[in-house]
Amino acid sequence: KLIVYSAIIWGVYADDLFVLVLSPQEVCSLGLTGVSLESESGGLSAVPVLNLLYEVLQLQRRAQRALHELETQQLKSGSDLEHLQHSTYRLKDQLEHTRRENSGLHEGERQLQLKIKTLQNCLKSEKEEVQKLQSIISSRATQYNHDTKRKERECTKLKERLTQLLMDKRDKKLSIEISNHVGRSDGKRGLWKTGKMEARHEGEMYRALLSDYETRQRSLMMENSELKKVLQHMKEDMITILSPKKPCVKTEPADDSLEQAVSEGEEEAGDRSREGLEQSCEQAREQLTNSIRLQWRKLKSHMERLDSQASLVACQEREGDEVMSRKEREEEMQRMRLELQQCKEFIHMQQQLLQQQLSSPCDEETAALLNDCYTLEEKERLKEEWRLFSEQKRNFERERKNFTEAAIRLGHERKTFEEDRAAWLKTQFLNMTPFVDQPEAKLQSTPPLVTKSLFSTPRAAPLKMPSTADLYRTLHLIPDSRYVPQIIQKWKFCHEFTLTSFQPFTQVIYLITR
Amino acid sequence: MNFSEVFKQSNQLCKVSPDGKYLATCVQYRLVVRDFNSLQIVHLYTCLDPVMHMEWSSDSLFILCAMYKRGLVQVWSLEQPDWHCKIDEGSIGLVSSRWSPDGRHILNTTEFNLRVTVWSLCTKSVSYIKYPKACQKGIDFTADGRYMALAERRECKDYISVFVCDDWHLLRHFESETQDLAGLEWSPNSCVLAVWDSCLEYKILLYSLDGRLLSSYSAYEWSLGIKSVAWSPSSQFLAIGSYDEKVRILNHITWKKITQFEHPATIINAKAVVFKEVEKRPVVGSEDLSIHQLTVDNSLFSTQSKYEITQLPAQVPVIKPDPDRANPKIGISALAFSAGNHYLATKNDNMPQNLWVWDMQRLSLLAVLEQTAPVRCFVWDPHRPRLALCTGNTKVYLWSPAGCVSVNVPVEGMDPVSPLYTNIAHFSSALLPTRKELIIRPHSRP
């Protein structure tokens, strides 16, 4: 909605109130058609004004856009300028830097050049010195030669003079005294020196030389033929190696070479017969060597190809089985190592033992000791048995003691019993008829005698002493008594010991019972 | 290994006869001939002067005794002890004396090398050879004894004369292309003569029997040259040892070098075995040091030694020679081929304690023996590949492809054992200590 006053344009455009004051000159200057505000109708017509406004707006917008653009351009150019400035600074610095470097390198180069020059000069001078020295040496050598020759000439002159003098003087003649002639070593007679002899010597010499040459030539020929044979065989082998692979060949170029080889082989088979005939001919020799070389080259290339293929295959295989086989391998290795260690230790131990066995010492102590070790078990057993035996012996001793005591006691009791019996008999007898005095007397006498004899010392006893057998019998020691005490049974198996030891005891018993 | 008794001898003169039946020793004036097996004295001869040189004739029938001071040579016969022969050189003097290969002529070299007189025992005749050259090895006989090569020097030039030993007929006389001939040697097949120059120039010339120059070889110029030369027994190889510590092998077909053996200070060759001699002194307890034992039992102080194999790389002890002296102790001074042509033993002078053994089939180093003292001499067994060497102590060392062993020689008085000789007919070596004792070692081990 526009309200236009003479030079003031009020307007509402997009909710903005704007006031534009323009003078007609300004309008013209803006390039807009002037609008006559006084129109025919007397009223203001809005269309030209709107158009004018629109144009002004357009202008305004254009100007703003231009301004905006200019601003952005200015910013851009400003930043560009900054950037360029920076870059120029940087490049300037770089340039400085490189200039400096360059100058440094130039310096270095110059110095190295100088060094080279000096070294070359040194080398030259050294070479010259060496040459000089060599020339000096050669000149000195010639000088020495000359001097020595001169001295030699002098020397020969002296020698000749000396020989002359010696020949002339003849005071001490050189002579040979020999008992008798000795036969020649080969038993033949000496021959005169004639021209024939000389010719014969020459002939012999040449013969010796010739024979030597002939032997040498023969050996060389043999060697030569052997080597040729070897080469032939090698060639044949190589052909056979290369040819049967034809069906299983992998690459094409190999095919061609193999075919070639086969064809060549056929050719050469024909040549071989010829070669046999012309052994010493140079062409044949060359042919042989060339064909060998060719075959060898083919074989080599074939081998190289096979090698590369094999390595490829191996690589592939390795990558696949790597993980599994490595683990397995490692485990196995560990196991084997352990086993090895164990075996080693075992062997070591065995060795040590064997050493000990073999290196048995010479002195007797350790030998005895060793022997003792072996019989240890037996010894222990024997000890045990001995101990048992001694124990039993001790038991026997004890029981024997008891038994003797018992026997003594028994003796005592017997004695008392006998006394009692004697007393009873005496009483009995005394109680009997008076006619029985004599036997009583006898009886009387005897018991007192008996008792006397029993109590008197053995020296004065007229009575016979009871024998040990009787004593034993009475003491029930001999088995014909009524009962055999258990002790005797026990003693049976070693009664030797007891009987022998009882002898003193029996004496004692005698003493006691008397 | 058995050892016989110790005998007296002087001047290291002890030689076994070529047929191996007798042993001749010289003690001052006397010549003692013993039976080899029983060592009983068979003959005893007395010479007029102390004997300086003694030599058997090739057929073992005669012995030559040379007395250089008086210029006399006496010849004794084994078959007829009454037979005598005396050669007097007169006032011309005598410097060396030797048999000819046929055993019937004696060659005497007079003083100042004025001439060589050839005396014939068959005809009592005399021949003279003038202008012989005084050098390291001026005369050599062929192996079959047919020809003799003699180096001569006339008018400052070297000549070689080839004589037929039958009648001393001069077969060839030609000029040698050497500057100063140092030695000549026939090949074992008697067809080639190797002639080498003095150490100032490395040059070796090969002449055929009829005097033609077959080839000449020179490895380098200006430095010191050839020190030693050896033919292989089959005449296939010629080994040349020089002052540059290398041995060069020439082959008999082309006379060109086929290989060279070097003697480095560090041995890295993995196939070589280095044997090092290790000495161990026995521990002496105080109760052993009684006077009686000291005088009687020398084994108390003798050292036991054995060989140890050292790990490679091994260092070789090197002694630097004095640069100012002439004939410096550097270079290959001794070469010897084994009997079967399989091995070559060499000794380098600036590594004096080492002996190098080379395999000729593989042309490479086989073994190195390191001793505790400088090696004095070594000699191959004439029938099998076994090497015997000694270093100046009371031991003798043996090497064979199977290994190394050191043997104590029962010498009284701790005299060191010195040069060895090997008898050709018997597998024995005679050891000579430096003093007046002699030990013979008959071969008893296989």
>> At 0.36 nm per residue, and after removing the present C-alpha to C-alpha distance, how many nm does the segment from residue A:424 to residue A:310 gain when stretched out fully?
In response: 27.4 nm
> Can you give the accessible area of residue B:61, probe radius 1.4 Å, in Å² rounded to 10?
Replying inline: 40 Å²
> Largest first, how would A:144, B:22 line up by accessible area (1.4 Å probe)?
Replying inline: A:144, B:22
> Once you average over the residues of A:200-213, how many Cβ atoms of partner chains fall within 10 Å of each Cβ?
Replying inline: 5
>> With every protein chain left in place and a probe of 1.4 Å, what is the accessible surface of residue B:131, to the nearest 10 Å²?
In response: 60 Å²
> Going by average Cβ neighbours within 10 Å, how do the peptides A:374-380, B:179-185 rank, with the highest at the top?
Replying inline: B:179-185, A:374-380
>> Taking loop as defined by DSSP and a crowding limit of 12 other beta carbons within 10 Å, which trypsin sites (Lys or Arg not before Pro) in the stretch B:162-212 fit?
In response: B:212
> Counting only other chains, what is the mean number of Cβ atoms within 10 angstrom of the Cβ of each residue in peptide B:84-91?
Replying inline: 6
>> Students sometimes get this wrong: rank B:128, B:343 by accessible area, probe 1.4 Å, all chains present, largest first.
In response: B:128, B:343
> Using alpha carbon centroids, what distance separates the stretch A:73-152 and the stretch A:337-355, in Å?
Replying inline: 71 Å
> Per-residue mean of other chain beta-carbon atoms within 10 angstrom of the beta-carbon, peptide A:215-222?
Replying inline: 1
> Given R₀ = 45 Å, FRET efficiency for residue A:303-residue B:154 by Cβ-Cβ distance, to 0.05?
Replying inline: 0.10
> Ordering B:256, A:159, B:306 from largest to smallest accessible area (1.4 angstrom probe), what's the sequence?
Replying inline: B:256, B:306, A:159
> Based on the Cβ-Cβ distance from residue A:58 to residue A:107, what FRET efficiency comes out when R0 is 56 Å, to the nearest 0.05?
Replying inline: 0.20
>> Quick one: 3J(HN,Hα) in Hz for the stretch B:253-260, Karplus 6.51/-1.76/1.60 with θ = phi - 60°, rounded, Gly and Pro as x.
In response: 8, 9, 6, 10, 6, 9, 6, 9
> Total Å² of accessible surface buried at the B-A contact, 1.4 Å probe, nearest 100?
Replying inline: 4200 Å²
> Tell me, what is the 1.4 Å probe accessible area of residue A:296, in Å² to the nearest 10?
Replying inline: 130 Å²
> Gap in Å between the Cα centre of the stretch B:165-195 and the Cα centre of the stretch B:73-130?
Replying inline: 22 Å
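The values are calculated or read from the model by the stated rules, or taken from the named source; none is laboratory data. Everything quoted here is computed from the prediction, not taken from an experiment. In this analysis, Cβ positions are derived from the backbone assuming ideal geometry, glycine residues included, and neighbour counts consider all displayed protein chains. Heads up: the accessible areas ignore ligands, DNA and RNA and are worked out on the full protein's heavy atoms, side chains in. Shrake-Rupley method; radii C 1.70, N 1.55, O 1.52, S 1.80 Å.
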